[in-house]
Amino acid sequence: MIGTIINACAILVGSSIGSVIKRGLKPKYQEAIFTALGVATIGLGLNAAIQNMPNSNYPVLFIVSMALGAVIGTALNLEERFKKAVSKRAKNGTKFARGLSTAIMLFCVGTLSILGPINSALYGDETFLLTNATLDFVSSIVLAATFGIGIALAAVVLFCWQGTIFLLASFLAPYMSGGLMTEIGIVGGLLILATGINLLKIKEIPTMNMLPALFVPPIWFAIVSFVGSLGIL
């Protein structure tokens, strides 16, 4: 939970700094910062995927996971549904509501914000959460400079979101084998890579629609375990 606390604090501090700046950062500096963070995120995603691939017992599972996840997420229209859910308050036309909905979407939807608490709960590894904290720190400065200190409220939402994921991962830890986490690590790394591509504006990838890919490996391992218990494998 240390990483989650740091992540929430990063948003609070960033929002405070941004509200002091008020006039906002010049577009060229915003672009430079997000470009640097995009490159760093791509590097992190590639490292996670490549590091786990040699240990995989099912070399094509990540391909199937990504494909099925994308199809399921697109069919459920997760990206648009989430955007509509967090944008409801923006219908009153207030600048604050638009800013807050944008902040919640940006801070909570990212793959790092989901995989981070899982890694923290299972391995005590805060790398993803600390990376996410850096991203959110910079983003909150930019958002607060535009929309005001109210953006800090997104820190509360993020803490509850990541805290819930952390507790669930801790509860399910006994059922999560090393092989399963290897497959999730590959898929997660690719999703983090997609986040970096979005930051660099190379291509707009609906990463929310691809999140179901993270559930394919657990389902596959559950099927293999069940079949094995029947003596078929």
*the stretch 184-219 - residue that is among the hydrophobic types (A, V, I, L, M, F, W, C) and not in a helix (DSSP H, G or I) and, of those, farthest from residue 115 (Cα to Cα)*: 202
*asked:* When you scan the stretch 121-128, do you find a residue that is open to solvent by less than 10 Å² (accessible area, probe 1.4 Å) and either under 16 Å from the mean Cα position of the chain (by Cα) or modelled with pLDDT under 85 (or both), even just one?
replied: no
_Condition first: modelled with pLDDT of 75 or more and among the polar types (S, T, N, Q). Now tell me which residues in the stretch 12-37 satisfy that._
15, 16, 19, 35
*Scan the stretch 36-75 residue by residue and report those that are assigned to a helix (DSSP H, G or I) and open to solvent by 80 Å² or more (accessible area, probe 1.4 Å).*
39, 47, 50, 51, 54, 55, 63, 68, 71, 74, 75
*open to solvent by less than 60 Å² (accessible area, probe 1.4 Å), touching a Leu at 6+ places or on another chain (Cβ under 6 Å), part of a helix (DSSP H, G or I) and touching a residue at least 12 places away in the same chain (Cβ under 8 Å), is that true of residue 181?*
no
*Any residue in the stretch 132-155 that is under 19 Å from residue 51 (Cβ atoms) and touching a Gly at 6+ places or on another chain (Cβ under 7 Å)?*
yes
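The values are calculated or read from the model by the stated rules, or taken from the named source; none is laboratory data. Note that this is a predicted model, so its numbers are computed, not measured. Positions of Cβ are backbone-derived with ideal geometry, glycine not excepted, and every protein chain shown enters the neighbour counts. Surface areas here come from the heavy atoms of the whole protein model, side chains and all, with no ligands, DNA or RNA. Shrake-Rupley method; radii C 1.70, N 1.55, O 1.52, S 1.80 Å.
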